[in-house]
Amino acid sequence: MEKKLKVAALKDGTVIDHIPSGKLFKVVQILHLDTCINQITLANNLDSKKIGKKGLVKIADRALAENETNKLALICPNAKINIIRNFDVVEKRPLILPDEIREVVQCPNPVCITNHQPVITRFFVLKDNDQTRLKCRYCEREVKVEEVKIK
Amino acid sequence: MSNKSLVSIADYSKQEILAILESAADFELTPNRKTLDGKVIATLFFEPSTRTRLSFETAVIRLGGSIIGFSDAATSSSSKGETLNDTIHMVSCYADAIVMRHPLEGAARYAAEVSPVPIINAGDGANQHPSQTLLDLYSIFKTQGTLENLNLCLVGDLKYGRTVHSLLMAMSHFNPSFRFIAPEELKMPEEYKVFCRKKGIKFSETSELNENFDDADILYMTRVQKERFLDLMEYERVKNVYTLKNEMLANSKTNLRILHPLPRVNEIDPDVDSNEKAYYFQQAQNGLYVRQAILSKVFR
């Protein structure tokens, strides 16, 4: 009941739900919410049937850009995006990584061209069983998601 | 990106690879032709190279083309802080194609994206060196009469050595089996082993060179390259791990040939040079014909 009230309290905007509790502040960081001027509500360690404890972010009057949802898909792929319009959830959007992501992560290879010249980073997303790996389009290095720095 | 660019060996299909080898064989028979008559080729070498630059430039001259460029980044505008994007755009105003070596990985892919003229990658850091791979394939084909079902031993620096990575990927079209011989610090990276498993390619690994290549058709030696190490302590630990000596070849197959991308330091003893199985100098010569074939394909 309490959860419903929290979501319903947002008139228009975005709710990021089912964030693992340990990832909430990472989400704040990668979405640069510390400098966002919109109304933001953060909640953490809420009870969740699916994942035990969860975090939740509500951002008023803002839709997430594609590269922002791609960032979220990298660090908390099982989180859910709820789009709120006039107090109603009009869309529940699962996080799905596209085949290629741009400007989302920094290549960990110190001698990659993208770390030395003004080049937009591009990574191919390689899904192998349950593990996601990224391959830099430029230096062709394959890396684990945990190895990259999200911009 | 110009679709005529050659950035990575993965840009070529099996059919395109075989067509290049066939074309190289033609150039070996008749090296002097006017295929590039009236064309200007820029050779931009942001880091030093002897064999690759000279063989590309010889290839251009033998095909009737002209050359502009530099062999030392210190003499180019990049030393003044010019971006690679600007250098490529500027040079493409003058040249019909660009042959480029650059110390940064991915530089060739980026150059090919921004360049209005074809880019031929002559090495981008430890990443790709496709013309070397094609001349390796040509050398294997010439000495074995086929590329199919061969047993290759790759020796030395399998971690940083770009030639072995590209060769592995190119040979994957031809049902090879591999033995990787490297010290622990320079083992074949996991991603290439994953690649082999996915493709159903048999491979084994060992850290001992001695007599571990008796069933091999090709023994591909590599140099431990100081410039690829971020940690010079690691380089000092592993630089002299393997040296191939003549007596180690006593039980090898008669069709075995020893390849090396050169330059060698001390990984092949000079007494091996007189063994008929030593093929590394002919391999370097093959580079000329293969690069003629690559340049001709760019303008076809």
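Taken together, the values in this text are just the output of simple stated rules run on the coordinates, not laboratory data. Remember, it's a predicted structure, so these values are computed and weren't measured experimentally. All Cβ positions, even for glycine, are placed from backbone atoms using ideal geometry, and neighbour counts span all protein chains on display.
Taking R0 as 45 Å, what's the FRET efficiency between residue B:266 and residue B:16 from their Cβ-Cβ distance, rounded to 0.05? Working shown, then result.
Details: r = 37 Å, r/R0 = 0.82.
Computed FRET efficiency for residue B:266 and residue B:16 comes out at 0.75.
Quick check on region B:131-284: what does the Kirkwood estimate of hydrodynamic radius come out to from the alpha carbon pairs, in Å?
15.5
Among B:259, B:154, B:84, determine the one that fluctuates most according to a GNM of chain B built with springs between C-alpha atoms less than 10 Å apart.
B:84
How well do other chains shield peptide A:133-140, expressed as the mean number of their Cβ atoms within 10 Å of each residue Cβ?
Values: counts 2, 0, 1, 4, 4, 11, 11, 12.
Partner Cβ neighbours, averaged per residue: 6.
Be a star and scan region B:32-55 for residues whose amide nitrogen sits under 13 Å from the point 7 Å along the Cα-to-Cβ vector of residue B:26.
Once the point is set 7 Å along Cα→Cβ of residue B:26, B:32-36 turn out to lie under 13 Å by backbone N, inside region B:32-55.
Return, for the Cα atoms of region B:161-228, the radius of gyration and Dmax in Å, separated by a comma.
When restricted to the Cα atoms of region B:161-228, Rg and Dmax are 12.0, 33 Å.
Are any of the pairs B:4/B:187; A:135/B:199; A:11/A:92 more than 26 Å apart by Cα-Cα distance, and if so, which?
Numbers: B:4/B:187 34 Å; A:135/B:199 18 Å; A:11/A:92 16 Å.
Those over the limit are B:4/B:187.
Counting only other chains, and only Cβ atoms inside 10 Å, what mean value do you get across the residues of A:118-126? Could you put the intermediate results ahead of the total?
Working: counts 3, 10, 1, 1, 4, 0, 0, 0, 2.
Across A:118-126, the average partner-chain Cβ count within 10 Å equals 2.
Give A:23/A:53; A:127/A:151; B:34/B:297 a once-over and call out the pairs whose C-alpha atoms are over 19 Å from each other.
Details: A:23/A:53 11 Å; A:127/A:151 21 Å; B:34/B:297 14 Å.
In this structure, A:127/A:151 lie more than 19 Å apart at Cα.
If a/c stays under 1.5 just call it rounded; otherwise compare a/b with b/c (prolate if a/b is bigger, oblate if not). Do that for region A:2-94, with a ≥ b ≥ c from the square roots of the Cα gyration tensor eigenvalues.
Numbers: a/c = 1.37, a/b = 1.06, b/c = 1.29.
Rounded shape, in that the Cα axes give a/c under 1.5.
Let's see if you can work this out: charge +1 on each Lys and Arg Cβ, -1 on each Asp and Glu Cβ, no other charges. What is the dipole magnitude of region A:100-150 about its Cα centre, in debye to the nearest 20?
Working: 9 positive and 8 negative charges, 27 e Å.
Using Cβ point charges on Lys, Arg, Asp and Glu, region A:100-150 gives about 140 debye.
Determine which aspartates and glutamates satisfy two conditions relative to residue A:149: a Cα distance under 13 Å, and not lying fewer than 8 residues away in the same chain.
In chain and number order, the partners are A:103.
Under a straight-distance cross-link criterion of Cα-Cα below 17 Å, which lysines are reachable from residue B:253, leaving out those fewer than 8 residues away in the same chain?
B:142, B:245, B:277
Quick one: if the Förster radius is 25 Å, what FRET efficiency do residue B:208 and residue B:231 give, using the C-beta to C-beta distance and rounding to 0.05? Mind dumping the intermediate values first?
On the way: r = 24 Å, r/R0 = 0.97.
Taking R0 as 25 Å, the efficiency between residue B:208 and residue B:231 is 0.55.
When you look at the Cβ of every residue in A:106-115, what mean number of other chain Cβ atoms sits within 10 Å?
On the way: counts 0, 2, 0, 6, 3, 11, 8, 14, 4, 3.
Taking all residues of A:106-115 together, the mean is 5.
Could you state the angle between the C-alpha long axis of helix A:66-75 and the longest principal axis of the C-alpha atoms of chain A, as a value from 0 to 90 degrees rounded to the nearest 10?
For helix A:66-75, the angle is close to 90 degrees.
For region B:69-127, compute Rh as the Kirkwood radius over C-alpha pairs and then the Stokes-Einstein diffusion coefficient at 4 °C and 1.567 mPa s; write the answer in µm²/s, rounded to an integer. If you can, show how the numbers build up before the last one.
Numbers: Rh = 11.5 Å.
My calculation gives 113 µm²/s for D.
Between residue A:130 and residue A:11, what is the label-point separation in nm under the 7 Å Cα-to-beta-carbon projection?
For the pair residue A:11/residue A:130, the computed spacing is 4.4 nm.
Could you work out the relative contact order of region B:199-262? I mean the mean sequence separation of Cα pairs under 8 Å and 6+ apart, divided by the number of residues, in percent.
Here the relative contact order equals 53 percent.
Quote the FRET efficiency, to the nearest 0.05, computed for residue A:46 versus residue B:75 with a Förster distance R0 of 45 Å and r equal to the Cβ-Cβ distance. Intermediate values should be presented prior to the final figure.
Numbers: r = 63 Å, r/R0 = 1.40.
Given R0 = 45 Å and the Cβ-Cβ separation, E is 0.10.
Counting helices only, and only those DSSP H runs with n ≥ 4, report the 222 nm mean residue ellipticity of chain A as the sum of -39,500 (n - 2.57) divided by its residues, in deg cm²/dmol to the nearest 500.
Details: 3 runs with 24 residues, N = 151.
Mean residue ellipticity, 222 nm, calculated: -4500 deg cm²/dmol.
Pairing the Cα long axis of helix B:130-144 with the longest principal axis of chain B, what angle in degrees results, from 0 to 90 and rounded to the nearest 10?
Compared with the principal axis, the helix lies near 50 degrees.
Which residue, B:240, A:143, B:12, has the largest displacement toward the positive end of the dipole of the protein assembly as shown when charges sit on each Cβ (Lys, Arg +1; Asp, Glu -1)?
Result: A:143, furthest along the dipole toward the positive end.
In straight Cα distance, which aspartates and glutamates are under 20 Å from residue B:226, not counting same-chain residues fewer than 8 positions off?
Here the aspartates and glutamates satisfying the reach criterion relative to residue B:226 are B:47, B:72, B:105, B:124, B:157, B:184, B:185, B:234, B:236, B:267, B:269.
What is the mean projected area of the alpha carbon convex hull for the protein assembly as shown, to one decimal in square nanometres? Let's see the in-between values first.
Values: hull surface 102.5 nm².
With every direction weighted equally, the projected area is 25.6 nm².
Would you mind checking region A:69-87 for residues with the amide N under 16 Å from a putative spin-label position 7 Å along Cα→C-beta of residue A:39?
Within reach of a label on residue A:39, which here means backbone N under 16 Å from a point 7 Å along Cα→Cβ, region A:69-87 contributes A:84-87.
Nearest 20 debye, what's the magnitude of the dipole of chain B about its Cα centre given +1 on Lys and Arg Cβ and -1 on Asp and Glu Cβ?
On the way: 34 positive and 38 negative charges, 150 e Å.
The calculation lands at about 720 debye.
With a cut-off of 8 Å between alpha carbons and a minimum separation of six or more residues, what is the relative contact order of chain B in percent?
21
With charges only on Cβ, +1 for K and R and -1 for D and E, what is the dipole size of region B:171-300 about its Cα centre, in debye, rounded to 20?
Once rounded to the nearest 20, the dipole reads 880 debye.
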